[in-house]
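> Can you read through this structure? Questions will come right after.
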Amino acid sequence: MKIETRIDRSVRILDLHGRLVLGPPVELLADSVQRLLAEEHTRLLLNLRGVPYIDSAGIGELAACKKRVIERKGEIKIHWQRGRYHLAIETVIHLMFPDALFEDEKLARSSFAPPGGPAATTTGTT
Amino acid sequence: MIWLVVTTPDGQSQRLQLTGASLHIGRSGRNDLVIDDPTVSRVHAEVLRRPDGFRLVDLGARCGTLLNGVPIAGSAPLHPGDRIRLGRTTIVVDDDTNTPVDITPTPMPTGPSTTMLGPEQIRLPAVTTPFPADTPPPLTTPGTPATLAGPAPTAPRRKPAQDAAAAIMELVLEADRQMLFHRPIEQILEAILDLAGRTIGYERAALMLVENDRLVSKVVRTPAAERGIAITLSSAIVERVLHRRESILTSDALRDTRFHEHPSLVGDHVRSVMCVPLRDDHKVLGLLYLDSREAAGLFTEQDLRILAHLASVAAVKIENARLFDEVVRTRTLESEMLQAAAIVDHLLPADSPAIPGYDVFGRSVPCRHVGGDSYDYIALPEGRHILTLGDVAGKGLPAALLMCCFHSALRALAASGLSEAETMGRLNRLLHARFPPNRFTTCFFAVLDPERHHLTYVNAGQETPFILRRAADPLPLPSAGMPLGLFHESEYAVGRVAMEPGDVLLCYSDGVTEGLSPAEEMFGQERMLSAAAGAAGEPAATIVAAVTAALERHHAGRPHEDDITLLVVRRSD
């Protein structure tokens, strides 16, 4: 699992690459989101298009990320590719993010409140 | 914590830490501390730990028990420094006031009073031809010609030259005896300093081990009056011992003028120092340090060789003890995991329920000792039965612990007479309060009414079960609800399906459909349904066996990476 963080004005975009499964990948996602929240970045877009597989631990971590962001009065949205995962996994993702699933990144970015700030990139890997 | 330093009439001594609530002392092998001294009674005395301190109890010993020279009547309080006399055996009570070891930056001592032996130079002189203590054999010392200058030792221990061979033999035999049997590593470390004390003698000693890349003092011996006062070690000596694996002797440190710049070392007035590595063939485990402030030249090169030999034997024993402890820990963990597996297995139904007109069979195989998958049957009034299959996120023991929580909560709620949707809603809230934020369980919850042949169900995130029906495509019962424990408020839709004659309900965990072949291809729903359909006319257990066999063929020997659970309900024709 590798996570690259892009900045689109007030939105932090996390590009996930690799399987989101129990162990270091899930821990990396948790650490990445917690670090951003600690830096007061509470508008997060998780880009799952580079994630070929999600297991139950990955679903659990997505839920935990949503809880943490909501606790901070923030917003979290998902950029993904419908039909890529098992039906049960996709159903749960739908239920968890009913109004926050996007297949187009531009639409996902614009769904956040108006932006303001330059772009940059940081990287974390596992 | 207190220690007992036991010295028997033959001069043998051992140091024991008093760890339990009591310690029985006597000659009989049934005692905690067995003393091989005919003047000691078979069951002689006992040391008791009480809230207000330690007490010594005489257990009716023939020759009595003396405390600080006075016979005790019954029992007496025990304090550090006390001397106990049992027959001809003496036991001194010692406390474990922590004496630190400071490592001070200093240059390496040089000159004729310093000897350094590399690992290849450490060998004991031949026992049959002892060399006199005042004429040591020549040796080559890195950078410094080796000569042992200085006056004849006036130390606590100085054996005559003719005793040298006997001393070496005594050390080797005693080291072998001490190190032969397994005992806790703390006792081994104490025994090493006991041996060094008896064979070489010292005023102060320290045994340090490398732990997590840090040198940690494990046993420190100092005169009683100096307990708690730090021993100062030269960083240069420590560096050479640990990294060059050299054994170092400085027979008159105070003559090295460069040490005068280091008040902590000079203040210690150390004259003779020996420091050797505790090493095996692969690495240095730590070091052994002895010193004396009584006289220069107390230690000789022969002593250095003896100490280095002792350290080598000790290092092997320490490493073996560590490995032994690791094996014990692993076995304990393995045993606990097997017990956990038995407990978790006991939670799953031992037998299938007897439901008129239906045949039910479930099977769960964890990929580790225990897992987070489960299935259950719960009888309800009017012949109805709850049938469930759950899959807690994650694997192994953490998932199994949460599965036990889920299992108990489900059983408690199932008896409360709530509707299916209410049961799942309450179960969700309960698990949300108990589970960690990133944990949840999926669950297929169904109520079978065998009279009306209805199956009412809620699917909370579980892999889609199917109804296999003759001459029809498999009927999916997809998930419409959030897994349990993820969010506080979740609503659950209830589905209902009629069970026709010959219908087969096939429930499974994702360990079935996501089972991988050696080429990393998933087993998938299609293969699973094909295997189940091929046995759909057979009993439920046969259908489960057919799917399992097909999955095993697909795995082709590849280990399971997830728990595998199947639950089949078949209506009779």
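> Report the relative contact order of the stretch B:428-573, percent, no decimals, based on alpha-carbon pairs under 8 angstrom and at least 6 residues apart.
Relative CO of the stretch B:428-573 lands at 23 percent.
> Here is a further query. Using amide H atoms built 1.01 Å from N in the peptide plane, name the residues 5+ places from B:LEU285, or on other chains, whose amide H lies under 5 Å from its own.
Long-range HN contacts for B:LEU285: B:LEU278, B:ARG279, B:ASP280.
> So, one more: Given R₀ = 35 Å, FRET efficiency for B:LEU215-B:ARG183 by Cβ-Cβ distance, to 0.05?
It comes out at approximately 0.90.
> Name the residue from A:LEU87, A:ALA100, A:GLY60 whose Cα lies farthest towards the positive end of the charge dipole of the stretch A:57-105, charges +1 on Cβ of Lys and Arg and -1 on Cβ of Asp and Glu.
Toward the positive end, the furthest listed residue is A:GLY60.
> Convert each backbone phi in the stretch B:199-215 into a coupling constant with the Karplus relation 6.51 cos²θ - 1.76 cosθ + 1.60 (shift: θ = phi - 60°), then list the ³J(HN,Hα) values in order as whole Hz, x for Gly and Pro.
8, 10, x, 7, 9, 9, 8, 9, 10, 10, 10, 7, 10, 6, 6, 10, 8
> Length gain on complete extension for the stretch B:ARG329 to B:GLU500, per 0.36 nm per residue less the alpha carbon to alpha carbon distance?
56.1 nm
> Right, here's the next one. Across the stretch B:509-514, in residue order, what do the Karplus-derived ³J(HN,Hα) couplings come to in whole Hz, using 6.51 cos²θ - 1.76 cosθ + 1.60 with θ = phi - 60° and x for Gly and Pro?
9, 5, x, 7, 6, 9
> Using the crude model of +1 on Lys and Arg Cβ and -1 on Asp and Glu Cβ, and no other charge, please compute the dipole size for chain A relative to its Cα centre, in debye to 20.
Charge dipole, chain A, about its Cα centre: 160 debye, nearest 20.
> Given the options B:GLN525, B:LEU173, B:ILE231, identify the residue whose Cα lies farthest towards the positive end of the charge dipole of the protein assembly as shown (+1 on Cβ of Lys, Arg; -1 on Cβ of Asp, Glu).
Farthest towards the positive pole: B:ILE231.
> Over all directions, how big on average is the projection of the convex hull of the alpha-carbon atoms in chain B, in square nanometres?
Its Cα hull, projected and averaged over all orientations, spans 38.3 nm².
> For chain B, what relative contact order do you get, as a whole percent, if you take Cα pairs closer than 8 Å and at least 6 residues apart?
So the answer I get is 10 percent.
> Under a straight-distance cross-link criterion of Cα-Cα below 25 Å, which lysines are reachable from B:LYS218, leaving out those fewer than 8 residues away in the same chain?
The qualifying lysines are B:LYS283, B:LYS317.
> Taking the highest mean first, how do the peptides B:39-46, B:68-75 order by number of other beta carbon atoms within 10 angstrom per residue?
Ranked by mean Cβ neighbours within 10 Å, highest first: B:39-46, B:68-75.
> Now a separate question. Please list, ordered by chain and number, the residues whose modelled amide H lies under 5 Å from the amide H of B:LEU380; skip anything fewer than 5 residues away on the same chain.
Result for B:LEU380 returns B:HIS385, B:ILE386.
> For every helix of n ≥ 4 consecutive DSSP H residues, a contribution of -39,500 (n - 2.57) applies; sum these over chain B, divide by its total residues, and give [θ] at 222 nm rounded to the nearest 500 deg cm²/dmol.
About -9000 deg cm²/dmol.
> Let me know the Kirkwood hydrodynamic radius for the protein assembly as shown, please, with Cα pairs as the basis and the value in Å to one decimal.
31.7
> Still on this structure, please answer the following. What nm value, rounded to one decimal, do you get for the distance between B:VAL70 and B:GLU120 when each label is placed 7 Å out toward the C-beta?
My value for the distance between the label points is 6.4 nm.
> Hey, what angle do you get for helix A:56-71 against the long axis of chain A, alpha-carbon based, 0 to 90 degrees rounded to 10?
The helix A:56-71 is inclined about 30 degrees to chain A.
> About its Cα centre, what dipole magnitude does chain B give when the only charges are +1 on Lys and Arg Cβ and -1 on Asp and Glu Cβ, stated in debye to the nearest 20?
1640
> For a quick check: sort B:SER517, A:SER32 by the number of other beta carbons within 10 angstrom, fewest at the front.
B:SER517, A:SER32
> Using the Cβ atoms and a cut-off under 13 Å, what net charge is assigned to the surroundings of B:ASP281, where Lys and Arg are +1 and Asp and Glu are -1?
Counting the neighbours of B:ASP281, the net charge comes to 0.
> Then there's this: Which angle from 0 to 90°, rounded to the nearest 10, does the C-alpha axis of helix B:524-534 make with the longest principal axis of chain B?
60
> Just want the ordering: A:LYS73, A:LYS2, from fewest to most Cβ atoms lying within 10 Å of their own Cβ.
A:LYS73, A:LYS2
> Calculate for chain A the 222 nm mean residue ellipticity that helices alone would give, adding -39,500 (n - 2.57) per DSSP H run of length 4 or more and normalising by residue count, nearest 500 deg cm²/dmol.
Mean residue ellipticity at 222 nm (helix-derived): -11500 deg cm²/dmol.
> Once Lys and Arg get +1 and Asp and Glu get -1 on their Cβ, which of B:PRO105, B:VAL70, B:ILE467 lies farthest toward the positive end of the dipole of the protein assembly as shown?
B:VAL70
> Note down the relative contact order for chain A as a percent, whole number, built from C-alpha pairs under 8 angstrom at least six residues apart.
Once divided by the residue count of chain A, the mean separation gives 35 percent.
> Calculate, for B:GLU239 and B:GLN14, the FRET efficiency according to 1/(1 + (r/R0)^6) with r their C-beta to C-beta distance and R0 30 Å; round to the nearest 0.05.
The value I calculate is 0.35.
> Moving to a separate point now. Obtain the nm distance between the two label points defined at A:GLU103 and B:ASP351 by a simple spin-label model: each point lies 7 Å from its Cα along the Cα-to-C-beta direction.
Roughly 5.3 nm, to one decimal.
> Pull up the cross-link candidates among the lysines for A:LYS2, meaning alpha carbon to alpha carbon under 25 Å and not fewer than 8 places away within one chain.
The reachable lysines, counting only those whose Cα sits under 25 Å from A:LYS2, are A:LYS66, A:LYS67, A:LYS77, A:LYS106, B:LYS395.
> Using the count of nearby Cβ atoms within 10 Å as a rough guide to exposure, how do B:MET522, B:MET116 rank from fewest to most?
Ranked by crowding around the Cβ, least crowded first: B:MET522, B:MET116.
> Give me a comma-separated list of calculated 3J(HN,Hα) values for the stretch B:335-348, in order, Karplus coefficients 6.51, -1.76, 1.60 applied at θ = phi - 60°, integers in Hz, x for any Gly or Pro.
5, 5, 5, 5, 5, 4, 4, 5, 5, 5, 4, 5, 6, 6
> What angle, in degrees between 0 and 90 and rounded to the nearest 10, separates the Cα long axis of helix B:396-414 from the longest principal axis of the Cα atoms of chain B?
40
> Need one number: nm distance between label points at B:MET169 and B:ASP102, each 7 Å from Cα along Cα→Cβ, rounded to one decimal.
My value for the distance between the label points is 4.6 nm.
> Please express the Cα-Cα pair-distance distribution P(r) of the stretch B:370-459 as a list of whole percents, one per 10 Å bin, running from 0 to the bin with the greatest distance.
Percent of pairs per bin, in order: 17, 51, 25, 7, 0.
> Something else now. Compute, for the protein assembly as shown, the length of the dipole vector about the Cα centre, with Cβ point charges of +1 (Lys, Arg) and -1 (Asp, Glu) only. Units Debye, rounded to 20.
It comes to approximately 1080 debye.
> While we're looking at this one, here's another question. Loop-only chymotrypsin sites (Phe, Trp or Tyr not before Pro) in the stretch A:2-103, please: DSSP not H, G, I, E or B, and at most 16 other Cβ atoms within 10 Å.
Sites meeting the loop and neighbour criteria: A:TYR53.
> Write out the GluC sites (Glu not before Pro) in the stretch A:1-39 meeting two conditions: DSSP loop, and at most 13 other Cβ atoms within 10 Å of their Cβ.
Passing sites in the stretch A:1-39 are A:GLU39.
Every number here is computed from the coordinates shown, using simple stated rules; none is lab data. Small disclaimer: the values here were computed from a predicted structure and weren't measured. Glycine gets a Cβ as well: all are built from the backbone with ideal geometry, and neighbour counts include every protein chain shown.
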